[in-house]
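Shown next, in structure tokens, is the structure this report addresses.
Read-outs: derived from the displayed coordinates by stated rules, not from any lab. In this text the structure is predicted, and so the values were computed from the model without any measurement.
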Amino acid sequence: MVKLLSAGALIFLFSAPVLALEYEDHNGMLMDHGDGHLMDMAGGMVMGQNTSTLPGGCDSIAETKEITVHAGHKYAEKFPGRMFAFDTQEFNFKPCTKLTVHFVNDDHIRHQWMMHGLPKYLYPKGMFHLEVSGPAKISGTLILPPGDKTYLVHCDIAQHMEKGMKAQLKVGKGDGDLPSIPGVTAYVVPDDYKGSLATVMADVEAAAEAAAVPVVVPPKTAQAAQPPKEDSVISGVTVIGLAIGLLLAPFLAKKFKGMSASEVVATIFELVRAGIELVIKLLSALIKRVLSNKNKILPGN
Ligand SMILES: [Cu+2]
């Protein structure tokens, strides 16, 4: 088995350089759905496409620009603690630029290049948005508004922005910087690398020891310390049993009214079965809880 696995690994290693990443090009497959919304059956999407309508305040197109932006895990490697990134974190264009973005997704998952804050009379929901499952390419065009403004560009797939896929696009001089742009501005929530794995584990062990104080009793004294055997006829368990019986009696009497003996026995079995099921359910829920809590132990400091 090990031999088989290592042979497989070798074949994979040697074939890796031959298997260059193949990008699916979505630009020939897109269908125009109107209002600048283009989609294809393979999951490519362009929203807010605008190739000809000048935004209010633009007398003409100032410049025509084309950029290629890559998105992927590998671009986050230079940013400690980040998981995804674009290959460029900051863009700058003149107001009223006609901008074509060629978006290349290098990962085998879905990414977006989504720009926010655009005028809503021209861009639905104020967005220009390219999206594709990679590895793939997709392109779209928009005309940037006039004025100095900083626009947020990000991937809106859950947690991708928080994990680093965030950039800013300044039109003109922009109007400030956005926070948590990898390599550009400070993180709103800075990463904390103070604790090494060794110190974290030591803290966890100390906490676990404090929580479970073991009571070690030598075997001889243990026997001596044991309470004398319950020899009273009415033990505590008997009292509890009687109490439950008394409480249940009226309920059972009602239930069994008008039943034959066999029906009564069947009903009792049914009740016992339901009781056992309930206990098993409660126990499994408890076990699940305990197991899931185990993974949530965090360093105390
Ligand atoms: Cu993404």
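Worth pointing out:
- Value of Rg to Rh for the range 124-198, rounded to two decimals, is 1.06; Kirkwood radius and Rg both from alpha-carbon coordinates.
- Calculated P(r) of the range 19-171 - Cα pairs past 19 Å, %: 51
- Residue pairs exceeding 21 angstrom between C-alpha atoms, taken from 74/163; 78/98; 120/170; 98/149; 74/194: 78/98; 74/194.
- Rh (Kirkwood; distinct C-alpha pairs) - the range 57-133, Å: 14.1
- Global geometry of the range 136-178, whether rounded, prolate or oblate, following the gyration tensor of its Cα atoms and the 1.5 cut on a/c: oblate
- For the range 196-203, 3J(HN,Hα) per residue [Karplus equation, 6.51 cos²θ - 1.76 cosθ + 1.60, θ = phi - 60°, Hz, x = Gly/Pro]: 7, 4, 4, 5, 4, 5, 4, 4
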